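Accompanying notes for the structure given below.
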Amino acid sequence: MSPYAMSMLMSSLAMGTIITLSSSHWFLAWMGLEINTLAIIPLMTKMHHPRATESATKYFLTQATASALLLFSAAMNAWMTGEWTIVNMNSYIPTTILTIALAIKLGIAPFHPWLPDVLQGLDMMTCLILSTWQKLAPMALLILTSPQLNTSLLTLMALASAIIGGWGALNQTQMRKIMAYSSIAHLGWMTLVISFAPGLALLNLTIYLMMTSSMFVMLMALNATNMNKLSISWLKTPTLAASMMTGLLSLGGLPPLSGFLPKWLILQEMTKHHLGALSAVMALSALLSLFFYLRLSYMISMTSPPNISNANLAWRKKNNLSLISPILIVLSTMLMPITPMLLM
């Protein structure tokens with residue numbers, strides 16, 4: 001793709017998200033989401049492969065449906081209340097339609113099936129954008145409207161997302177599908193706490209963005225698209241393989257890594273609201289996710305490939321990591337010491 005076209009598309013992506021984040025009017029927020037959707041579709045189809053075209057078509061149809069529902073809920077709310085402001089959503093039917101629209105946008109269960117299929121047909125850089133940057137605008141709208149949304153519906157969707165996100169990745173071997181189910185599970189944790197403590201949902205989103213970005217950056221450096229390629233990565237880049245193992249355990253929420261921090265604080269917040277049974281189910285669903293992260297860590301660190309080189313030094317891949325990669329890796333694994341500051 002031409003650098004000029006790429007810069008224009010990336011600028012449109014940034015502009016769409018910024019318009020949505022800075023808007024207080026539903027029409028402006030919808031316009032920002034539409035700019036976002038239209039800007040990423042050419043990035044999806046730049047590979048000129050049938051799978052990429054299929055992914056772009058599925059993404060366009062789901063996002064168009066979600067945008068139509070969002071505009072319909074905003075128009076219905078304006079008809080009932082006479083206002084187009086985002087924070088004034090007091091009627092039951094518009095808030096329910098809005099919740100469904102944002103769930104489709106984000107890929108929250110039970111509206112998740114498009115996400116693994118779409119990611120599987122894209123290259124790693126587009127997967128990174130779709131899993132991180134594209135979550136910002138819908139999640140901002142969800143946080144803004146969280147006091148007016150139906151808490152029971154959000155809790156049910158969060159529980160389904162955490163269970164499906166853990167269960168769906170158990171039999172996957174493709175890294176992009178595994179990262180998609182990981183995204184669904186993390187979105188479940190954010191949706192669970194968003195009605196009780198929106199600040200905790202924002203913290204979880206920030207840590208999720210750092211962990212997912214570092215994981216995709218490492219996957220791009222290793223050129224690993226499935227589990228078999230991961231098993232030979234330690235021969236070529238041992239340091240990166242060790243970093244990826246730590247990052248995977250952090251995604252699984254294993255203490256004392258960064259991924260444990262939001263789960264711990266969310267479970268603490270749930271028990272404060274006397275939701276012990278719900279907290280127990282969420283903690284058990286986190287064990288499902290931890291299992292496939294541990295399986296990937298085992299593949300990277302303890303599995304020997306069938307044909308090890310007889311040479312004393314295995315061929316090493318040229319290090320093509322950018323300067324931001326070590327920063328992302330450190331942030332995605334070593335944020336636990338700031339917990340007392342967050343609790344204050």
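The values are calculated or read from the model by the stated rules, or taken from the named source; none is laboratory data. This one's a predicted model, so the numbers in the text were calculated from it and none came from an experiment. Quick reminder, even Gly has a Cβ in these numbers, built from the backbone with ideal geometry, and neighbours come from all protein chains shown. To get the accessible areas, we keep the full protein, side chains included, count just its heavy atoms, and leave off ligands, DNA and RNA. Shrake-Rupley method; radii C 1.70, N 1.55, O 1.52, S 1.80 Å.
A few points about this structure:
- Count - residues of region 152-210 that are open to solvent by 10 Å² or more (accessible area, probe 1.4 Å), of a type in the set (Val, Ile, Thr) and assigned to a helix (DSSP H, G or I): 4
Yes/no matrix, rows are residues, columns are (1) touching a residue at least 24 places away in the same chain (Cβ under 8 Å); (2) open to solvent by 20 Å² or more (accessible area, probe 1.4 Å); (3) on the phi < 0 side of the Ramachandran plot:
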| residue | (1), (2), (3) |
| --- | --- |
| 60 | no, yes, yes |
| 67 | yes, no, yes |
| 112 | yes, yes, yes |
| 138 | yes, no, yes |
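- Qualifying residue in region 112-122 (condition: within 19 Å of residue 29 (Cα to Cα) and out of contact with any Ser or Thr (no Cβ under 8 Å at 6 or more places or on another chain)): no
- Condition met for residue 72 (more than 17 Å from residue 130 (Cβ to Cβ), among the hydrophobic types (A, V, I, L, M, F, W, C), at pLDDT below 95 and open to solvent by 50 Å² or more (accessible area, probe 1.4 Å)): no
- Within region 272-294, considering residues that are surrounded by 13 or more Cβ atoms within 10 Å (Cβ to Cβ) and free of Cβ contacts under 8 Å to residues at least 24 places away in the same chain, the one nearest to residue 234 (Cα to Cα): 283
- Single residue of region 77-96 satisfying the filter (surrounded by fewer than 16 Cβ atoms within 10 Å (Cβ to Cβ) and among the aliphatic types (A, V, I, L, M)) that is nearest to residue 34 (Cα to Cα): 87
- Residue 122 vs. criteria in a loop (DSSP other than H, G, I, E, B), surrounded by 23 or more Cβ atoms within 10 Å (Cβ to Cβ), over 15 Å from the mean Cα position of the chain (by Cα) and not hydroxyl-bearing (Ser, Thr, Tyr): yes
- Residue in region 35-42 that is part of a helix (DSSP H, G or I), open to solvent by 50 Å² or more (accessible area, probe 1.4 Å) and among the hydroxyl-bearing types (Ser, Thr, Tyr) present: no
- Some residue of region 266-285 being assigned to a loop (DSSP other than H, G, I, E, B), on the phi < 0 side of the Ramachandran plot, more than 19 Å from the chain's Cα centre (by Cα) and modelled with pLDDT under 90: no
- So residue 232, is it at pLDDT below 90, open to solvent by 30 Å² or more (accessible area, probe 1.4 Å) and more than 14 Å from the chain's Cα centre (by Cα): yes
- Candidates 213, 297 - the one that is more than 19 Å from residue 124 (Cα to Cα), open to solvent by less than 60 Å² (accessible area, probe 1.4 Å) and either outside any loop (DSSP other than H, G, I, E, B) or free of Cβ contacts under 8 Å to residues at least 40 places away in the same chain (or both): 297
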